[in-house]
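Here the structure comes first, spelled out in structure tokens, and everything after it is commentary.
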Amino acid sequence: GKSTLLKMLCGMLRPTSGSVVIGGTDVTAAPERRLPRLRAAKLGFVFQDFNLLGALTAQENVELACNLAGVRGRDAAARAQALLERVDLGHRRQARPAQLSGGEKQRVALARALANDPPLLLADEPTANLDSAHGREIAELVRRLADEDGRTSLIVTHDDRLRPYADRVLWLEDGRVHAEEER
């Protein structure tokens with residue numbers, strides 16, 4: 001249900017009823033051809049399994065996302081470097097994913113998700129493949145970046161350890177979203 005919810009939020013799946021509005025656009029009613037541009041402009045996505053390209057360095061993985069967001073050349077390199085420094089990985093820019101720990105891979109994935117400076121960051125189980133210490137680091141980092149940038153972060157997870165980092169907790173149960181106090 002969690003991944004399905006995220007896919008509906010970014011317009012990859014259409015809900016059977018209701019609507020999803022992002023940045024004033026109803027993604028459930030928008031033509032398919034408009035959705036990639038909306039995703040590129042409004043959304044950043046952090047995957048549970050990192051989805052980094054193994055042949056590319058951390059810097060190149062983030063630069064590629066910058067390119068897709070319309071930033072190229074030296075500007076893309078500078079943006080990628082700045083994002084990697086923000087996630088405390090400036091010193092690992094030239095490392096390939098196989099040379100990075102799980103926590104480092106997730107920080108690269110987070111930097112990549114921020115390449116287009118999205119107002120909404122979606123994260124699918126961002127701590128699932130991490131030990132508790134690295135999971136905490138990622139939760140703190142997502143929270144800090146959201147606060148610093150005025151960005152909304154929506155994390156779907158089974159990990160109760162993320163609760164202290166949330167402003168609001170919702171539950172997905174039997175296909176319905178409930179506020180925590182309704183549970």
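Identify, by number, the condition in (1) open to solvent by less than 20 Å² (accessible area, probe 1.4 Å); (2) free of Cβ contacts under 8 Å to residues at least 40 places away in the same chain that Ala133 doesn't meet.
Just one mismatch for Ala133, condition (1).
For residues that are assigned to a helix (DSSP H, G or I) and open to solvent by 50 Å² or more (accessible area, probe 1.4 Å), tally how many sit in segment 83-97.
4
Being in contact with a Gly (Cβ under 7 Å, 6 or more places away or on another chain) and open to solvent by 40 Å² or more (accessible area, probe 1.4 Å) narrows it down to one residue among Gly175, Gly150, Gly70; which is it?
Of Gly175, Gly150, Gly70, the one residue that is in contact with a Gly (Cβ under 7 Å, 6 or more places away or on another chain) and open to solvent by 40 Å² or more (accessible area, probe 1.4 Å) is Gly175.
Would a scan of segment 118-134 turn up a residue that is part of a strand (DSSP E or B), more than 23 Å from Ala78 (Cα to Cα) and of a type in the set (Gly, Ala, Ser)?
Yes: one or more hits.
Quick test of your reading of the structure: Val156 fulfils all but one of (1) in contact (Cβ under 8 Å) with a residue 40 or more places away in the chain; (2) open to solvent by 20 Å² or more (accessible area, probe 1.4 Å). Name the failing condition by number.
Tallying (1) in contact (Cβ under 8 Å) with a residue 40 or more places away in the chain; (2) open to solvent by 20 Å² or more (accessible area, probe 1.4 Å), Val156 fails exactly one: (2).
Please go through (1) part of a helix (DSSP H, G or I); (2) surrounded by 14 or more Cβ atoms within 10 Å (Cβ to Cβ) for Asp75 and return the number of the only condition it doesn't satisfy.
Just one mismatch for Asp75, condition (2).
Hey, among the residues in segment 11-64 that are assigned to a strand (DSSP E or B) and more than 21 Å from Val156 (Cα to Cα), which one's most open to solvent (accessible area, probe 1.4 Å)?
Of everything passing the filter in segment 11-64, Asp26 is most open to solvent (accessible area, probe 1.4 Å).
The values are calculated or read from the model by the stated rules, or taken from the named source; none is laboratory data. Everything numeric here is computed off the predicted structure, so don't read it as measured data. Here Cβ is always computed from backbone atoms with ideal geometry, including for glycine, and neighbour counts include all displayed protein chains. These area figures cover heavy atoms from the full protein model, side chains too; ligands, DNA and RNA do not enter into them. Shrake-Rupley method; radii C 1.70, N 1.55, O 1.52, S 1.80 Å.
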